[in-house]
Every structure is written in C-alpha cells, then in structure tokens.
Amino acid sequence: MSDIETRGFTPVFEDNHVMAVIKEPNIPVQEDASGDPDLLNMLKGYIKRKYNKPGNVFMALVHRLDRPASGIMIFARTSKAASRIADQFRRKKVQKSYLAVVEGKAPEEAELRNYLYKDNSINVVSVVEPEHPKAKEAILRLRCLQYKDGLSLIEIDLITGRSHQIRVQCSHAGFPLWGDYKYGFRDQPERRIMALLSRSITFEHPVRKVPLCFTSDMPDSEPWSVFDPLPPLEDDANLV
C-alpha cells in the first residue's frame with residue numbers, strides 16, 4: 001500500500017473481524033464539525049482499495065480517542081464483532097493503558113476519583129459535585145515513571161471511560177497534560193502536539209475467543225524525547 005493510503009494511521013493487525021491501527025495525532029476518529037478527514041472513513045477507504053471491494057465497507061467504531069491524542073485503537077469489521085466487543089467494554093473486560101507527559105511533578109502512584117459533567121454544546125468537560133444531576137463518576141490509576149525538566153512521564157490505567165477523562169482529571173489534580181490547550185496551560189507555545197498516547201489495549205477476540213493485546217511505542221519527538229526510552233511492550237496477536 002502507498003503512503004497516501006495509510007496517511008493518518010499505521011495498520012498493526014487485521015483479520016475478517018478486527019482491525020488494529022496506530023492513530024496519528026490531530027486526526028479525528030469520526031466525522032466532526034471541522035470536516036477534516038477522519039480515521040473511520042480512512043479505514044473504510046483503505047479496506048475498499050486493498051481488497052477491491054465494491055459498494056460500502058463495514059467498519060465500526062468501538063471506542064474513542066481524543067483528536068489531539070495518538071496511539072493504538074481497534075475497530076470492528078463486522079456487526080457481530082462490533083456487538084461482542086462493545087459488550088466487553090460494558091462488562092469492563094477491556095484493559096486500556098495510556099502514557100502522558102504532564103506539567104510538574106506527578107505523584108509516584110495515585111488513584112483519581114472525580115465526578116464529571118460534559119457540556120455537549122461547547123464540548124467541554126468539568127469536575128462537578130457528586131450531586132450534580134448529570135454527573136458521571138470517573139476513576140483512573142496512575143504512576144509516575146520518570147520526572148525530568150519539570151515534566152512527568154506517567155502511565156495511566158483507565159477504570160472508567162469518560163469523555164476527556166484523563167485530560168480533565170490530571171488538570172484538576174494540578175498536573176495538566178503538555179500541549180493540552182483546552183484543559184492545560186493556555187500560555188504554552190502554539191502548535192504543540194498534546195502528549196497523550198494510547199499505549200495498549202487488551203481484549204478477547206470476538207470470534208476466536210483468544211486474548212489479544214496491541215501496543216504503540218512511545219514517540220521519539222518532543223516532549224517524549226526528554227525521557228529515557230521505555231522497553232517496548234509485546235503485542236500478542238498470534239492467531240492460527
């Protein structure tokens with residue numbers, strides 16, 4: 001496949017049921033008001049060209065990743081796979097981990113618990129009191145892997161999956177994400193790419209019922225390059 005056909009993403013794995021890709025930063029996952037090319041339609045076009053498929057191509061979004069973020073994502077290639085993976089998310093059987101670079105010194109280990117409210121009219125999430133009528137509990141666990149030059153490299157395990165959760169909770173705790181203009185420092189230099197990476201996702205194959213784990217390596221660009229490289233995680237997609 002040519003570079004044009006995979007612009008915006010890197011294929012990691014595909015079979016008849018599942019596709020895993022590494023999303024580049026600042027690519028919307030699905031169509032939004034910007035009208036910019038989105039990952040879901042990019043993947044449909046990729047499959048259509050690769051297999052010379054006539055008509056429409058089925059590709060389902062089963063989880064989300066903020067537009068500024070990058071890293072590993074999975075998509076379902078059949079409605080059955082989409083339904084079964086969605087059920088795993090509902091039953092909290094899917095494990096996702098993230099890396100982020102945040103301003104300041106993050107705690108060595110912490111569990112953040114907040115209640116969040118999303119104002120859909122302006123696409124902004126806020127921390128609210130539990131009594132708020134539309135509050136949703138948000139929980140994540142983090143640990144600080146390295147601290148250098150006033151920045152912390154943290155690893156995050158999401159317990160819940162709320163919109164903008166990592167960005168809002170880290171900012172509320174006092175260590176906003178590097179390059180996050182919405183919830184972080186407004187006076188940082190322009191054109192920074194937000195330092196949030198979807199590092200791994202582990203789930204059960206929707207048909208073959210075997211565990212799968214797909215990963216994304218830490219970028220070597222700023223601000224990630226401040227830190228010592230991390231050992232790569234091992235993908236597990238050896239299907240017979």
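Rule-based calculations on the coordinates, nothing more; no lab input. Predicted model, so just to flag it, every value in this text is computed and none were measured. Glycine also receives a Cβ, built like all others from the backbone with ideal geometry; neighbour counts cover every protein chain displayed.
Quote the relative contact order of segment 1-59 in percent (integer), defining contacts as alpha-carbon pairs under 8 Å separated by 6+ residues.
Details: 59 pairs, mean separation 14.4, N = 59.
RCO, segment 1-59: 24 percent.
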### Task
Sum up the charges of everything whose Cβ sits under 13 Å from the Cβ of Pro231, counting Lys and Arg as +1 and Asp and Glu as -1, but leave Pro231 out.
-3
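R0 = 30 Å: FRET efficiency of Ile139 with Asn41, Cβ-based, nearest 0.05?
0.35
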### Task
Using DSSP, restrict attention to beta bridges with both residues in the chain and report what percent are antiparallel, rounded to the nearest 5.
95
### Förster-model FRET efficiency, 25 Å R0, Tyr147 and Ser225, C-beta, rounded to 0.05
0.95
### Task
Would you please give the FRET efficiency between Asn123 and Thr202, computed as 1/(1 + (r/R0)^6) with r the Cβ-Cβ distance and R0 = 35 Å, to the nearest 0.05?
0.75
### Label point 7 Å beyond Cα of Val210 along Cβ direction - residues of segment 44-77 with amide nitrogen under 20 Å
74-77
### Query
Which loop-located trypsin sites (Lys or Arg not before Pro) does segment 122-215 contain, where loop means any DSSP state but H, G, I, E or B and the Cβ has at most 11 other Cβ atoms within 10 Å?
Lys134, Arg186, Arg191, Lys209
### Message
Tell me whether segment 1-149 comes out rounded, prolate or oblate; compute the Cα gyration tensor, take square roots of the eigenvalues as a ≥ b ≥ c, and use a/c under 1.5 as the rounded threshold.
### Response
prolate
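Rounded to the nearest 500 deg cm²/dmol, what is the calculated helix-only ellipticity per residue at 222 nm for the chain, with -39500 (n - 2.57) per DSSP H run of length n ≥ 4?
Dividing the helical sum by the residues of the chain leaves -4000 deg cm²/dmol.
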### Query
For segment 68-137, what percent of Cα pairs sit more than 18 Å apart?
66
### Message
Please compute the contact order of segment 4-226 in relative form: average sequence separation of alpha-carbon pairs under 8 Å and at least six residues apart, divided by the residue count, as a percent.
### Response
20
### Message
Under a crude label model (7 Å from the Cα following the beta-carbon direction), how far is Phe58 from Arg91 in nanometres?
### Response
2.1
### Query
For the chain, modelled as a GNM with alpha-carbon contacts under 10 angstrom, which of Gly161, Gly184, Gly150 fluctuates the most?
Gly150
### Alpha carbon Rg of segment 164-240, scaled by the compact-globule rule 2.2 N^0.38 Å
1.44
### Query
Which is the longest part of the chain that has none of the GluC sites (Glu not before Pro) sitting in a DSSP loop with at most 16 other Cβ atoms within 10 Å?
32-107
